[in-house]
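Student: Can you keep this structure in mind? I'll have questions shortly.
Quick note: the coordinates plus some simple rules give every number you see, no bench work behind them. Fair warning: this is a prediction, and the values are worked out from it, not measured in the lab. Methodologically, a virtual Cβ is constructed for each residue, glycine included, from the backbone with ideal geometry; neighbour enumeration extends over all protein chains shown.
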Amino acid sequence: MNDKTHLVDEITGHRRMRRNRKADWTRRLTQENRLTVDDLIWPIFIVPGQNIVDPIRAMPGVNRMSVDKAVEAIREAADLGIPAIAPFPDVEMDKRDPTGSEILARDNLINQFARAVKTAVPNIGLITDVALDPFTSHGHDGILRDGIIVNDETVDQVARAAVMQADAGADIIAPSEMMDGRIGAIRRALDAAGHQDVGIMSYATKFSSGFYGPYREAINTGGLLKGDKNSYYISPANGTEALRDAALDVEEGADMLMVKPGLAYLDICWRMKEAFGLPTFAYQVSGEYTQIKAAAMNGWIDGERIMMETLLCFKRAGCDGILTYFAVDAARKLKSA
Ligand code: PBG
């Protein structure tokens, strides 16, 4: 007799977890979470000029693109079914100053890009950031005065920038600079300008993280930044504080919430979704992308498999979607599956 049921029965009784895992069809039938193309938001890097596709050294497979090239890439993303993009500009150095005033130029790179995309690919969602870091000469997200990132003056500026971005075609404003009171100020400014339909995706819990390194290379802020962002981003040690910060954003009128970085902060994703029930997104940031790519390029891990696994895990952790540099690769993979 090969049957050894009597050996395990005392421990498991008649309960066998493996029954539901026994065949492909049982596994499909009992699968709790699924990743679809509808879950993907694609962050991209924009540079001035034309016909430019410039590889980012620390992010293999990701390029800085001029507006014309970006529009082509976005057309492909829209054809794959990706719902939305999130552009970040790599602004010329001579346009950066201590207050990031270029963000208020009506025809700055991000607004030019917004107009071009909305004309060429009108049905892809456009989510723009209003943090000042691409525009400041010191790489901080806010206005720097006497060694301090000043809160309320920065809020005033990002609220005005949000209206200009909405004028240019942004569908959702996603402020990432973590100033206090910004969500309410942006909401009021958008409403006063007649942009009632423009939403706000709050970078509600943005942590002061080492995972942003490659992004700072991508938009050339790394070399500029002196000190750290600890006086405005949240400490990786603090989960309850992150929830309290998100609660304020919800009260101030955020339509959606984001957690950033992603994988190391899945507990925050879960807690936010549980606490507020708002659409909740994770940003799988540059360093997370780079870790996977680098290990895969060395043949040490299966990069595609881990790409899909990490994205699915965000869904399991309660996220409605993910901002990821893998968006196009993942969408292609989902389509071919
Ligand atoms: C700053 C900003 C950051 C990212 C996007 N906007 C963080 C930072 O540089 O401090 C990070 C994105 C990524 O790492 O992919 N407003």
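Student: Could you order peptides 146-152, 61-67 by the average number of other Cβ atoms within 10 Å of their residues, highest first?
Tutor: In decreasing order of mean packing, 146-152, 61-67 become 61-67, 146-152.
Student: Among 137, 163, 116, whose Cα sits farthest toward the positive end of the charge dipole of region 33-336 (+1 at Cβ of Lys/Arg, -1 at Cβ of Asp/Glu, about the Cα centre)?
Tutor: 116
Student: Bin width 20 Å, alpha-carbon pairs only: give the P(r) of the chain as whole percents, running from 0 to the bin holding the largest distance.
Tutor: Binned Cα distances yield the sequence 30, 56, 11, 3, 0.
Student: For the chain, what is the calculated [θ] at 222 nm in deg cm²/dmol (nearest 500), taking -39500 (n - 2.57) for each run of four or more DSSP H residues and dividing by its residue count?
Tutor: Result for the chain: -12500 deg cm²/dmol, rounded to the nearest 500.
Student: Return the sequence-ordered ³J(HN,Hα) values of region 125-131 in whole Hz as given by the Karplus equation 6.51 cos²θ - 1.76 cosθ + 1.60 applied to θ = phi - 60°, using x for Gly and Pro.
Tutor: These are the phi-based 3J(HN,Hα) values: x, 10, 10, 10, 8, 10, 4 Hz.
Student: What are the residues whose amide H is under 5 Å from the amide H of residue 220, where those residues sit 5 or more places off or on another chain and H is modelled from the backbone?
Tutor: none
Student: Mind checking the angle between helix 182-192 and the chain's longest principal axis? C-alpha axes, 0 to 90 degrees, to the nearest 10.
Tutor: It is inclined by approximately 60 degrees.
Student: A follow-up question, please. Once amide H atoms are placed 1.01 Å from N in the peptide plane, what residues at a sequence separation of 5 or more from residue 176, or on another chain, have their amide H within under 5 Å of its amide H?
Tutor: Under 5 Å from the amide H of residue 176 lie the amide H atoms of 130, 131, each far enough along the sequence or on another chain.
Student: Could you give me the ³J(HN,Hα) list for region 317-332, computed from phi with Karplus coefficients 6.51, -1.76, 1.60 and θ = phi - 60°, whole Hz, x at Gly and Pro?
Tutor: With the stated coefficients, region 317-332 comes to 7, x, 6, 8, x, 9, 7, 8, 5, 7, 3, 5, 4, 5, 5, 4 Hz.
Student: Could you tell me which residue out of 59, 101, 127 lies farthest along the dipole of region 33-336 toward its positive end? Charges go on the beta carbon: Lys and Arg +1, Asp and Glu -1, centred on the Cα centre.
Tutor: Working it through, the farthest residue towards the positive pole turns out to be 59.
Student: Taking the Cα centre of the chain as the origin, how large is its charge dipole in debye, to the nearest 20, when only Lys and Arg (+1) and Asp and Glu (-1) carry charge on their Cβ atoms?
Tutor: Dipole of the chain, to the nearest 20 debye: 1460 debye.
Student: Another one. Which residues' amide hydrogens lie under 5 Å from the amide hydrogen of residue 41, considering only partners 5 or more residues apart or on another chain, with H built in the peptide plane?
Tutor: Here the answer is 322, 323, 324, since their amide H atoms fall under 5 Å of that of residue 41.
Student: Here's another thing I want to ask about it. If you plug each phi of region 273-289 into the Karplus form 6.51 cos²θ - 1.76 cosθ + 1.60 with θ = phi - 60°, what whole-Hz ³J(HN,Hα) values come out, in order, with x for Gly and Pro?
Tutor: The phi angles translate into 5, 5, 6, 10, x, 6, x, 10, 10, 10, 9, 7, 7, 3, x, 5, 4 Hz.
Student: Under a cut-off of 19 Å between alpha-carbon atoms, report the lysines in cross-link reach of residue 335, not counting same-chain residues fewer than 8 places apart.
Tutor: List returned: 315.
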